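Notes to accompany the following structure.
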Amino acid sequence: MTIIINVRERIEEWKIRIAAGFIREGKLVAFPTETVYGLGANALDENAVKRIFEAKGRPADNPLIIHIASFEQLEVLAKEIPEEAEMLAKRFWPGPLTLVLPKSEVVPRVITGGLDTVAVRMPAHEIALKLIELSERPIAAPSANISGKPSPTSAHHVAEDFYGKIECIIDGGETRIGVESTVIDLTEWPPVLLRPGGLPLEEIEKVIGEIRIHPAVYGKSVDTAKAPGMKYRHYAPSAEVIVVEGPRDKVRRKIEELIAKFKEEGKKVGVIGSGSYDADEVFYLGDTVEEIARNLFKALRHMDRTGVDVILAEGVEEKGLGLAVMNRLRKASGYRIIKV
Ligand code: AMP
Ligand code: MG
């Protein structure tokens, strides 16, 4: 049975306390963060963590991020905390930044997929922080979606994938950022960007200087030793996704051309982006890159429900949140990219 706790209007502590009780008992609780919804379990309980992998159908070598509510919790989970980690945590936590550090003995290996490193972040969301505080444990939580599907940005999305399969869903409304956290590996120098996300790379570089971008961010090579999650197809709706990248007007014309071509083939076509098109389904993402990021996964899930055969997606410039948006779009397309 799944209990849905509604705290959309007002965050009442007694309600979060119920969810915290589930965490302590080794059960699964989906909760909102500022990025996407997480599927949480007590990070120090190996069996509870195993259930996350089972529920999601997640490969065992794809590690989880541990969510904390205080700096003291980081000191328990990490063996060493380099100065740069401290600087980044001070500047950006709570926030959409995940730090990869050497793991301590207390972190079960199921969480790290067998690695000697651990990924940690402090989410900037009152409900998430309260849940961690009240359960008095760090919470391991990947995105609350069936493995391979688009990440959930509302409790409704979580219920689509997990209703009846987990103990509790906390409904805190739609998430503010809409793409997952930025993941930085600080066990190497220079630090490595493993996943672009809700905190722009440019902001992080202002604090610690140049960061190397892992080639897998662009889908180039897939060195799976460091960032195992990157080898799997992600964020993918059932329909075929094609990303069209380039200057705006050219992208527009190309998409119009493709709509005509697919229609002729008798296919039902959807478009996601900032323009208006004469397609079967059009999901307007927004004008700013922040709005586009916020609506991206919702759009992919929406398209699936409409049963389109092909989704054409407008590319955006890879600046700020644009790097995360393009990374998710390209992955969702299985790297079916048309450059104009
Ligand atoms: P998710 O929480 O579903 O967004 O996925 C978490 C992602 O964090 C994984 O796919 C990995 O890419 C990354 N991650 C978690 N732990 C580590 C780690 N120890 N080393 C490198 N990347 C990690
Ligand atoms: Mg995920």
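Rule-based calculations on the coordinates, nothing more; no lab input. No experiment lies behind these values; they were computed from the predicted model shown. Ideal geometry is used to build each Cβ from the backbone, glycine not excepted, and the neighbour counts take in all protein chains shown.
General remarks:
- Overall dimensions of the chain by Cα: Rg and Dmax, Å: 19.7, 61
- Region 167-307 shape via C-alpha gyration tensor axes, a/c threshold 1.5: prolate
- In terms of its alpha-carbon gyration tensor, region 136-178 comes out rounded; the largest-to-smallest axis ratio a/c stays below the 1.5 threshold.
- For region 1-127, the Rg and Dmax computed from alpha carbons only, in angstrom: 14.8, 45
- A cut-off under 12 angstrom between Cβ atoms defines the neighbours of L131, and their net charge, with Lys, Arg +1 and Asp, Glu -1, is +1.
- Cα centroid of region 312-340 to Cα centroid of region 17-82, whole Å: 29 Å
- Distant-in-sequence amide contacts of G40, defined by a placed amide H-H separation under 5 Å and a gap of 5 or more residues or a different chain, comprise V29, A30, F31.
- Global geometry of region 288-340, whether rounded, prolate or oblate, following the gyration tensor of its Cα atoms and the 1.5 cut on a/c: oblate
- Qualifying GluC sites (Glu not before Pro) for region 247-305 [loop in DSSP, other Cβ within 10 Å: at most 13]: E265
- Computed from backbone phi with θ = phi - 60° and the Karplus coefficients 6.51, -1.76 and 1.60, the 3J(HN,Hα) list for region 179-195 is 10, 5, 5, 6, 10, 10, 8, 9, 8, 10, 10, x, x, 10, 7, 8, 8 Hz; x is used for glycine and proline.
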